[in-house]
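Q: Would you mind keeping the following structure in view while I ask a few things?
The values are calculated or read from the model by the stated rules, or taken from the named source; none is laboratory data. Note that the coordinates shown come from a computational prediction; the quantities given were computed from them, not determined experimentally. Note that we place each Cβ from the backbone using ideal geometry, even for glycine, and neighbour counts take in every protein chain shown.
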Amino acid sequence: MTLAQRLAALNEADHWRARAVLRKEWVSSGLHKGRLMPEMIRECVDASPDTKIIFGSAERPCSTTTGALLAESYGIARAFQRLGLVEGDAVVVQVPNWKECALTMLAAMHLGLIFVPMMHTLGAAEIEYVLRKSDARAFVVPDRWKKIDYGARLGALGDLPELKHVIVIGDEEMPRPVVRWSALNTGGDEPMPRLTASPDDPWLIIFTSGTTAAPKGAVLTHNAFASEVANFPMVRSASGTPEFHPFPSGHAAGVIMTLRPLLMADPMILMDAFDEDVAVALVRENQSDRAAGVPLMVQAYLRHADEVFPDGLRQILIGATSVSPTLMELCEARGWAATRCYGCTEHLTISGSYPTDPKEKRMMTDGRLMPGVQVRLIDENEQPVPVGEPGEIVSMGPELFKGYLDPEHNATAFDRDGWFRTGDIGVLDEDGYIRIVDRKKDIIIRGGENISSKEIEDVMMQHAAVSEVAAVAWPDEALGERVAVFVKVADAVTLTLDDIRAHFAQAGLSHQKAPERLVLVAELPRNAMGKVLKPDLRKQVLDLIEQERVKT
């Protein structure tokens, strides 16, 4: 099936049709705006054209306004038109959080293209998978950034007959024909085309790893994403000072934060990569009073608290991975209002807390349900569990995605009423606050990024020294989790972490997926059916951590 056929099939999918009544209710209540994203952006920017948006970077810093950014994006859209891109085509973007990434996103909206952001760290095998699965007509990428040679990755791609244009930011020589960003024909004043899409049609596909090795394309509509941006649990600017959100552009959070200034007129500081020195300078210069980040970033904020946040923070939102109560308490001790939220690419924000919530709730829960969001907590027999008891979270809400690109994934992702099976285990208290206690999905969340343990295991099994392997999460204060592998090696061979890193690099995967902990074992624990007992391995991880703590 082509991309167009798969997207059209979603309109007839049972889970989508089951949502029909709710979708009408969301429109009538205002939770769905019933309008296309570019229309809403134009309206907001016309009213507040001087809203500041800062792209923080050691290499390509840029400070601009939403008015200037929107005006420039029309030229990029005209250039894309001249390349033959038309409504419904997909443009894949592997660009850090630079101005060019935001311009591409806006240009795609103007033309009705499907915007497909990709993490800038992904290797050649992962790039090719996304390009092929999305039927990408255009691919926007830098020539080089930091230690990443994108030209080498382009050279490693196989035949992609649907891909018509590779647009490169930079002037380095490439191994295939490309269009240079600097040479795009942005002139003219032709009006943007009249789009045929409806607000329930997709504008965004984000590929996310879950319990399967291959990434799944999550399809998000205009209605869903606009609802998410409007209801994101962050207090608004009271004095014109910008929020600080250093999330990557290939992550759903990065897309949300790029859109907040454009849809909500809320000033914003973005970053291409979290660099502590650059972050400190940006926050100090712009006097940010609200910030967000994963634990690693928040620890950096704490190290420089007196320097960059002398007056405290109105809100520090910590999320994208598990958050320790200790870190929350350290923030509170500084006088910062620490909050948490819970969501995923498929259902962007299910719950969140605000500075006005009771401290105990902010410390110990993942907040209240967002406007219009409903959850069911069920047991293994899909029966509801009592309040206060753990159960699998099944969710429904206005920012829920439309479905996956592949029908086989949708068959198991939704229940018969069209509610989404998150695979997460939570507890809902009598006050309506939810707390995530475990994950049913077998994923590892490293610094906010989902890593499929099965993908890790599949790559590991390609190594000649590996006889058996199981990948699990190794808790980490900075990143939330790191990848650990328990390995039974083949007879008379050795294996080191350096060997594994080299193996992953050769396989074309990003270095974030390479295991950072290696435990050699004689046998993996298994049940009577031969299934590896990962709970036993997780207990071994905790025992090893305790042994290390005692030694130090």
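Q: For the range 380-394, name all the residues that are of a type outside the set (Gly, Ala, Ser) and either closer than 12 Å to residue 437 by Cα or exposed (fewer than 13 other Cβ atoms within 10 Å of the Cβ) (or both). Steps first, please.
A: Here is the first cut: in the range 380-394, the ones of a type outside the set (Gly, Ala, Ser) are 380-387, 389-390, 392-394.
Result: 380, 381, 383, 384, 386, 387, 389, 390, 392, 393.
Q: Something else about it: Restricting the first residue to the range 407-430 and requiring it to be in a helix (DSSP H, G or I), which pairs with a second residue that is of a type outside the set (Lys, Arg) meet a Cβ separation below 7 Å and a spacing of at least six or different chains?
A: These pairs meet every condition: 407/9; 410/13; 410/15; 410/403; 410/404; 413/404; 413/420.
Q: Exactly one condition in (1) assigned to a helix (DSSP H, G or I); (2) of a type in the set (A, V, I, L, M); (3) loosely packed, with under 13 Cβ neighbours inside 10 Å is not met by residue 1; state its number.
A: (1)
Q: On the basis of being in the same structural domain as residue 93 (by TED's automatic domain parsing) and within 30 Å of residue 33 (Cβ to Cβ), does residue 190 make the cut? It would help to see each step written out before you state the result.
A: Numbers: in the same structural domain as residue 93 (by TED's automatic domain parsing): yes; within 30 Å of residue 33 (Cβ to Cβ): yes.
Yes; evaluated as a whole, the condition is true for this residue.
Q: It is to be established whether one or more residues within the range 442-451 are in contact (Cβ under 8 Å) with a residue 12 or more places away in the chain, under 30 Å from residue 495 (Cα atoms) and part of a helix (DSSP H, G or I).
A: As a first pass, look at the range 442-451 and keep what is in contact (Cβ under 8 Å) with a residue 12 or more places away in the chain: 442-451.
Restricting the remaining residues to those that are under 30 Å from residue 495 (Cα atoms) gives 442-451.
This time we only want the ones that are part of a helix (DSSP H, G or I), so: none.
No, there is no match, as no residue in the range 442-451 is in contact (Cβ under 8 Å) with a residue 12 or more places away in the chain, under 30 Å from residue 495 (Cα atoms) and part of a helix (DSSP H, G or I).
Q: Mind telling me which of the residues 141, 130 ends up being under 19 Å from residue 258 (Cβ atoms) and β-branched (Val, Ile, Thr)?
A: Details: 130 fails: under 19 Å from residue 258 (Cβ atoms).
After ruling out the rest, the residue left standing is 141.
Q: Inspect all residues belonging to the range 110-119 and state whether any of them is part of a helix (DSSP H, G or I), in contact with a Leu (Cβ under 8 Å, 6 or more places away or on another chain) and of a type outside the set (Ser, Thr, Tyr). I'd like the intermediate steps shown before the answer.
A: Step one: list which residues in the range 110-119 are part of a helix (DSSP H, G or I), which gives 110-111.
Filter again for in contact with a Leu (Cβ under 8 Å, 6 or more places away or on another chain), leaving 111.
When the remaining residues are screened for being of a type outside the set (Ser, Thr, Tyr), the result is 111.
Yes: one or more hits.
Q: A follow-up question, please. With respect to residue 144, determine if the residue is under 19 Å from residue 248 (Cβ atoms) and without any contact (Cβ under 8 Å) to a residue 60 or more places away in the chain. Working first, answer last.
A: Values: under 19 Å from residue 248 (Cβ atoms): yes; without any contact (Cβ under 8 Å) to a residue 60 or more places away in the chain: yes.
So residue 144 passes the test.
Q: How many of the residues making up the range 22-36 are surrounded by 16 or more Cβ atoms within 10 Å (Cβ to Cβ), of a type outside the set (A, V, I, L, M, F, W, C) and not in a loop (DSSP other than H, G, I, E, B)?
A: Number satisfying all stated conditions: 1.
Q: Give the residues of the range 452-479 that are in a strand (DSSP E or B), surrounded by 18 or more Cβ atoms within 10 Å (Cβ to Cβ) and modelled with pLDDT of 90 or more, sorted by residue number. Lay out the reasoning, then the answer.
A: Our first condition is that a residue be in a strand (DSSP E or B); within the range 452-479, this holds for 452, 466-476.
Still in the list and also surrounded by 18 or more Cβ atoms within 10 Å (Cβ to Cβ): 452, 466, 469-474, 476.
Scanning the range 452-479 gives 466, 469, 470, 471, 472, 473, 474, 476.
Q: Condition first: surrounded by 20 or more Cβ atoms within 10 Å (Cβ to Cβ), hydrophobic (A, V, I, L, M, F, W, C), assigned to a loop (DSSP other than H, G, I, E, B) and touching a residue at least 40 places away in the same chain (Cβ under 8 Å). Can you find one or more residues in the range 37-45 that meet it?
A: No, the conditions are met nowhere in the range 37-45.
Q: State the number of residues belonging to the range 480-516 that are in a strand (DSSP E or B) and buried (at least 17 other Cβ atoms within 10 Å of the Cβ). Working first, answer last.
A: Applying the first criterion (in a strand (DSSP E or B)) to the range 480-516 yields 480-489.
Restricting the remaining residues to those that are buried (at least 17 other Cβ atoms within 10 Å of the Cβ) gives 480-487, 489.
Summing the residues that are in a strand (DSSP E or B) and buried (at least 17 other Cβ atoms within 10 Å of the Cβ) in the range 480-516 gives 9.
Q: Can you pull out every residue in the range 149-168 that is of a type in the set (A, V, I, L, M, F, W, C), over 17 Å from residue 108 (Cβ atoms) and buried (at least 19 other Cβ atoms within 10 Å of the Cβ)? Spell out the reasoning first.
A: We begin by selecting, within the range 149-168, every residue of a type in the set (A, V, I, L, M, F, W, C); these are 152, 154, 156-157, 160, 163, 166-168.
Next, from what is left, pick out any that are over 17 Å from residue 108 (Cβ atoms): 152, 154, 156-157, 160, 168.
Matches in the range 149-168: 154, 157, 168.
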